[in-house]
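Working notes, structure below.
Here, each number is a calculation from the coordinates, and none is a lab measurement. It should be emphasised that the depicted structure is a prediction, and the values quoted were computed from it without experimental measurement. As a convention, Cβ positions derive from the backbone with ideal geometry for all residues, glycine included, and neighbour counts pool all protein chains shown.
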Amino acid sequence: MALKRLFPWMMSGPTIIVLVIFLAYPLISLLLMSLRDYGTSTINYTYVGTRWYEMLLRDQRFINGLGRTLIYSGGSVAASMVLGTIMAFVLNRNFPGVAAVRTMFILPMVAMPVASALVWGTMFNPTQGILNYFLEILGLPKSLWLASPNTALISIMIVETWMSAPFVMLIVLAGLRSMPVEPLESAQIDGANRLQMFLYVIFPMLRAAMATAALFKIIDTLKQFPIIWVLTKGGPLRASETLYVYGYALGFQFFDLGYGAAVLMCLLLLVAVISFFWMGLRRRSWMTE
Amino acid sequence: MAGQGVQAVSSAAIRARSTTQQRIMQAVNQVPFYLLVTFLLIIFMFVFFWMVLTSFKLPRDVTVYPPLLVFEPTLQNYQNVLEKTPFMQQLGNSIIIALGSVGLGMVLGLPAAYAMARFKLPGLSLAILVMRMIPTIVFMLPLFVAYQQMGLIDTHIGLILSHLILTLPLTVWVMISFFEDVPPEVEQSAMVDGCSRFGVFWRIAVPLSLPGMVVTSILAFIQSWNNFIFVLILGGSRTTTLPLAVFNFMGFEMLDFGGVAAVATMLSLPVMVLTIIVQRWLVQGLTLGAVKS
């Protein structure tokens, strides 16, 4: 009997060991690191309490990075939601080649981010890039894209949207497929037009799916690093430096372990707040099932 | 009588005209829809089209402005990458690390997924979710220090272990829903026949979930294959994987767009093929089962 009760824990034992080493240990260790001054070594340190956290409040680079992180996530997730929802509605119709189109829509999401970002980088090139050529054809002024502090962040957000919209599409499409048809039929009988159908019938039923997609994408965009690092390394003039990039630079370029750890603790806190919000939503959807 | 005849004829004509009109109108109504599909396809596929196109251009054609659509194709870029860079070695590193972390993730994660599917372990599910949500950089500072002290920097085993952070949560969560699909009656009758709890897992649940394991492995493989941050921090010259290699390649040969495009094409193709195989399960895999397809 005791053996029977132990069975689930014996089965998950190996996974629990991995979680202790690669989840609990790094989290506790990072918290401790953020309370220490390492100087230039990784072994010798002195305890400094909350000194780094007090410094953060006065660090303009940190505050700007936090702002950029929020703009980056908020902007690219909003754009991905709109684009992804349009794509889902397109794919929800039956037309010849719908399966092939669906596959093509998915590719940006799974292609290697470093490789895609490199190609985007060549397309953004202000003198030879094809994007400026398109602008020229359309009679619009050319842009400096990544080369200017004014447009660098928004250029990367375009790439992020391109990579994120397919994910939103998949989730909204799953939501559309699982939608009951009766409310739609009765709305049609009552003479609702297309816009009314969307606003008052379809959208309320899709809300849960869209919230899931949005929150997943917010968390994923807060974690974005490869495309920013490949395209601008946070520049020019730190114009695209998010918290993740700032934390990376502090920890691995300046080897400022203590202060870097404090910045990363703040990033972690941001993700934690959003995740708890998400789990609250998720629990509610479990209860209503 | 004649009047009635004319009326009948004309109403028939009106009816005929209105059906052709309707058909034309229906076709016309479809036009904006197909325009929208084409527009979206161009937006989402252009990068890949441009990547493949550029990879076949000679250096002199790459930097021409306005960009060329028609040019003399060449395999020179691919040849350069294969001959002048340690591409094959880096490909080997990528494959070793991806297969290692997927395999290890399976061995460790399968029993846990089964236990969670049958016994619901809320604390463990929460911990796994947390691991998926946390930005990877948060793990990197402590791991970097620990790896340095243990001499694990720039080792294959070190990178394989670190990639468990990617593959293990995914494996556990996706496999939970596949194990839940195994009918409990089959398991119960096996237990009546004297099979142990572990025997049920190993001889019944695992074989019945083989297709799910293939899907899970492919999803985990893509995660490991695409990852950049772990190898950037914990890797080195001996363990450089392809994402880091292509990143370094850009640094050294900033203007060799053709070469960059050739590497990018070679790196993206395998993942695209795998994606097409598992696309039915993508939602489940990428949301850790938050949405079931």
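Taking other C-beta atoms within 10 angstrom as a stand-in for reagent exposure, A:K4, A:K142 fall in the order A:K4, A:K142, fewest first.
Its DSSP H runs of at least 4 residues, each contributing -39,500 (n - 2.57), put the calculated 222 nm mean residue ellipticity of the protein assembly as shown at -24500 deg cm²/dmol, to the nearest 500.
Think of the protein assembly as shown as a dipole: +1 on every Lys or Arg Cβ, -1 on every Asp or Glu Cβ, centred on the Cα centre; then among A:Y45, A:L184, B:Q90, A:L184 lies furthest on the positive end. Taking a straight line from the alpha carbon of A:K4, these aspartates and glutamates sit under 20 Å away, with near neighbours fewer than eight places off in the same chain left out: B:E180, B:E185, B:E187, B:D193. When you filter the trypsin sites (Lys or Arg not before Pro) in the range B:192-278 for DSSP loop state and at most 12 other Cβ atoms inside 10 Å of their Cβ, you are left with B:R238. Membrane-span-like helices in chain B, defined here as complete DSSP H runs extending at least 30 Å along the helix axis by their C-alpha atoms with mean Kyte-Doolittle hydropathy no lower than 0.0, are B:2-55, B:87-119, B:156-180, B:257-278; this is a sequence and geometry rule, not a statement about a membrane.
Give me B:M150, A:M123, A:M179 sorted ascending by neighbouring Cβ count inside 10 Å, so fewest comes first.
B:M150, A:M179, A:M123
What is the order of A:V168, A:V82, A:V181, B:V130, fewest Cβ neighbours within 10 Å to most?
Placing the least packed residue first, the sequence is A:V181, A:V82, B:V130, A:V168.
For A:K142, no lysines have a Cα falling under 19 Å of its own Cα, not counting residues fewer than eight places away in the same chain. Distances between placed amide hydrogens fall under 5 Å for B:G236 paired with B:D154, all partners being 5 or more residues away or on another chain. If you plug the beta carbon distance of B:F198 and A:E185 into 1/(1 + (r/R0)^6) with R0 = 56 Å, you get a FRET efficiency near 0.65. In this simple spin-label model, placing a label point 7 Å from the Cα along the Cα-to-Cβ direction at both B:K120 and B:N248 gives a separation of 5.1 nm.
Bridgeable lysines around B:K57 (alpha carbons under 19 Å apart, same-chain partners fewer than 8 residues away excluded): B:K84. With each label modelled as a point 7 angstrom along the Cα→C-beta vector, the B:I43-A:Y200 pair spans 2.9 nm.
Stretched out straight at 0.36 nm per residue, the stretch from A:L269 to A:Y45 would grow longer than its current Cα-Cα span by 78.2 nm.
Here B:A27 and A:R93 are evaluated by their C-beta separation; at R0 = 22 Å the FRET efficiency comes out at 0.90.
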